[in-house]
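Okay, structure first, notes after.
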Amino acid sequence: YKIDGQDIAVQVLNLTVSKTLDWAIIVVIPNQDIFGFVYSSNNVIYGVITGGLIVSIIAAIVLTLLITNPLSKLSNQMKDVSRMSLEMITENSSFLNEVYNIQMSFFSMVYALRSFKKYVPEAVIKNTMITNQVATLGLVSKDATYFFLDIVDFTSLSEALSPDDLLILIGGAMEELTNIIIENRGFVDKYIGDAIMALWNVPTKVDDAQVLAVTAAIRCTEKLKMMDDEFEERGLPKVRCRIGVHHGHALIGNFGSSQRLNYTALGDNVNLAARLEPLCKYYNVDVLISGETRNLIKHRIVCRAVDIVTVKGRSQETVIYEPLALKSEATTSHIAIETLSEEIIQDIKLMRTESAEKNIASAMCVEGYENDISLTMLRDRCITMKGRGEQKAFVNTFSEKHF
C-alpha cells in the first residue's frame, strides 16, 4: 500500500473477544522500517562488489600488460634475430619469474649469435635462416669473384715485434681491410693466418661483383699506405699487402664433414686467384688480376697488362693485369701506360719484338714507370727472343718453387 507516496506494510488480525465483541487488529508499518537495513546492506554489498570488480579488471589489465608487453617486445626481437640485426637488441627483464626465464634464455642465445657471427660469415648465416634447413655437405657450381690478400713479410714482422705490438699492427690493418671488403659488398670467407680469402656474388647475388672486388683491392692498398703515419707514431713498421683477384665458375657451398662444415669455394678459378697473389712479389706490384677479370671491368677500371703467364695447376695461359685506378680517378700516366702495355703484350704474342721494344721504351718514359721491374723483364725477354730467333712467344711459367 501507499500512503502519501510512502510504501507501507499492513497486517490485519481478526480477534474475537466474546460472542458480542470482535476485534480487528491492524498493524501499519512503513516498509523502510522493515527493509531499510536490507536496502542499506544491499547498497554496501553492491558497492563492494562493483569496487572489487573494477579493481580486479584493473589488476587483470595491469598483469596482462606486464606479461604481454615483454613477450611482444621479445617477439619483435626474435624477428630482429631472424634478420641477424643483433646490434638492435637491448636487454630488459620482467619481474615475473616465468617471463624472466624466457628473456634470459633468449638473451643468452643473442650473445652466442653475436660471437658466432664473428666466426661464420653473416651472409652464410642469413642464407641458412632463409632456407629453414640444417646445413649439410654440398657444393654447387656458381659464378663468383675470388679475392686473396696476404700481408707482406708477416714472418719477419712477427719475429721483430712483441706479441702486443704485432696484435696492434696486424689487428689494426685487418680491421681496416675487412671493413673495405664489406663496404664493397664482399664477405670474408676466412682468415688464413695473416691472409684473407673473400668472395663476391655468393651466397647472395651482387651486381658488378668483379668491379667491386677489384675496387676493394685498390682501396686496401691505398688504406695501408694512409696508415703509415699512424703506425710510425706508435713506433711500428709499415704494413703492405699483395692481392690476387679472379672471376669465374667454381664449386661453392658447404665442404668438410658431417661434424664440421666450412662455407668455401673450390676449383680451378679459385686456384688461379690464389696463385696471382704471390706473383705480385715477382712483378713488384700490389694487385694482380686475370685477363678474364680485366675484360669484365675495363669499362670502369684502368689496368695495365703485366705479362703472359701460366701457373701451377693450370695449363691455360693468361694475361695478368695490374689494376691502377677507377676511370673517374685515373691520371694521364695511368691512361698512357694502359694503352702502351696492351700494345706491348700484343706485340709479344705476335712475335713483333722490335715493335715491343719501342713500346716498352715509350712505357718506361711514362712518369712513375721509369724503372718498372715488369717492363724491364719484358724488354730483356724481347732481346732474348730476338737473339735466339724464337718463333713462339715466351710465356712465363710459374711452378710451386715460385710461391
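Each value in this text was obtained by applying a stated rule to the coordinates, not by laboratory testing. Quantities reported herein were computed from a predicted structural model and do not represent experimental measurements. As a convention, Cβ positions derive from the backbone with ideal geometry for all residues, glycine included, and neighbour counts pool all protein chains shown.
Considering the zone a paramagnetic label at Ser162 would reach in this model (a point 7 Å from Cα along the Cα-to-Cβ line), which residues of the range 228-242 have amide N under 16 Å from it?
Residues 234-237 qualify, since their backbone N sits under 16 Å from the label point.
Using every pair of alpha-carbon atoms in the range 142-297, split the distances into 5 Å bins beginning at 0 and state the percent of pairs per bin, rounded to integers.
2, 9, 19, 22, 19, 14, 9, 5, 2, 0
In terms of the Cα gyration tensor, with a ≥ b ≥ c the square roots of its eigenvalues, is the range 201-285 rounded because a/c is under 1.5, prolate because a/b exceeds b/c, or oblate?
Values: a/c = 2.06, a/b = 1.82, b/c = 1.13.
Judged from the Cα gyration tensor, the range 201-285 comes out prolate (a/c at least 1.5, a/b above b/c).
Please check the chain for the longest run free of GluC sites (Glu not before Pro) that are loop-located per DSSP (anything but H, G, I, E, B) and have at most 14 other Cβ atoms within 10 Å.
Numbers: sites that count: Glu91, Glu367, Glu370, Glu390.
The answer is 92-366.
Which of His246, Leu96, Ser41 sits closest to the plus end of the dipole of the chain, meaning its Cα is farthest towards the positive end, when Lys and Arg get +1 and Asp and Glu get -1 on the C-beta?
Value: His246.
Just to confirm the number: angle between the C-alpha axis of helix 209-226 and the first principal axis of the chain, 0 to 90 degrees, nearest 10?
Roughly 80 degrees, rounded to the nearest 10.
Under the rule a/c < 1.5 gives rounded, and otherwise a/b versus b/c splits prolate from oblate, where does the range 283-397 land using the Cα gyration tensor? Kindly include the intermediate steps, with their values, before the conclusion.
Details: a/c = 1.98, a/b = 1.26, b/c = 1.57.
Oblate, because a/c is 1.5 or more while a/b does not exceed b/c.
Could you tally the net charge around Ile252, taking each other residue with its Cβ under 12 Å from the Cβ of Ile252, Lys/Arg +1 and Asp/Glu -1?
Details: positive: Lys142; negative: Asp143, Asp189.
Result for the neighbourhood of Ile252: -1.
To the nearest 10 degrees, how steeply does helix 122-131 sit against the main Cα axis of the chain, on a 0 to 90 scale?
So the helix axis and the longest Cα principal axis differ by about 60 degrees.
Hey, what angle do you get for helix 31-82 against the long axis of the chain, alpha-carbon based, 0 to 90 degrees rounded to 10?
10
Can you give me the relative contact order of the range 299-403 as a percent, contacts being Cα pairs under 8 Å and 6 or more apart?
Result for the range 299-403 is 30 percent.
Among the listed pairs Lys118/Lys225; Lys73/Lys190; Lys238/Lys349; Lys281/Lys386; Lys281/Lys358; Lys117/Lys298, which have their C-alpha atoms separated by more than 30 angstrom in this model?
On the way: Lys118/Lys225 27 Å; Lys73/Lys190 35 Å; Lys238/Lys349 38 Å; Lys281/Lys386 27 Å; Lys281/Lys358 26 Å; Lys117/Lys298 35 Å.
Over 30 Å Cα-Cα: Lys73/Lys190; Lys238/Lys349; Lys117/Lys298.
Cβ under 13 Å from Leu86's Cβ, Leu86 left aside: what net charge do those residues give with Lys, Arg +1 and Asp, Glu -1? Spell out each step's value before the answer.
Details: positive: Lys79, Arg83, Arg114, Lys117, Lys118, Lys126; negative: Asp80, Glu87, Glu91, Glu122.
Cβ neighbours under 13 Å give a net charge of +2.
Just to verify a number: FRET efficiency for Lys117 and Leu63, C-beta to C-beta distance, R0 = 51 Å, to 0.05? Kindly include the intermediate steps, with their values, before the conclusion.
On the way: r = 37 Å, r/R0 = 0.73.
It comes out at approximately 0.85.
Answer with one residue from Pro30, Leu266, Leu63: the one whose Cα lies farthest towards the positive end of the charge dipole of the chain, charges on Cβ with Lys, Arg +1 and Asp, Glu -1.
Value: Leu266.
Could you tally the net charge around Val285, taking each other residue with its Cβ under 15 Å from the Cβ of Val285, Lys/Arg +1 and Asp/Glu -1? Present the calculation step by step, with values, prior to reporting the outcome.
On the way: positive: Lys225, Arg240, Arg242, Arg275, Lys281, Arg294, Arg304; negative: Asp150, Glu222, Glu277, Asp286, Asp307, Glu322, Glu338, Asp372.
Spelling it out: positives minus negatives among the neighbours equals -1.
If the only charges are +1 at each Lys and Arg Cβ and -1 at each Asp and Glu Cβ, what is the size of the charge dipole of the chain around the Cα centre, to the nearest 20 debye?
Numbers: 39 positive and 48 negative charges, 255 e Å.
In debye, rounded to 20, the chain gives about 1220.
How big is the chain by Rg and Dmax over its Cα atoms, in Å?
Spelled out, the Cα radius of gyration and Dmax of the chain are 42.3, 172 Å.
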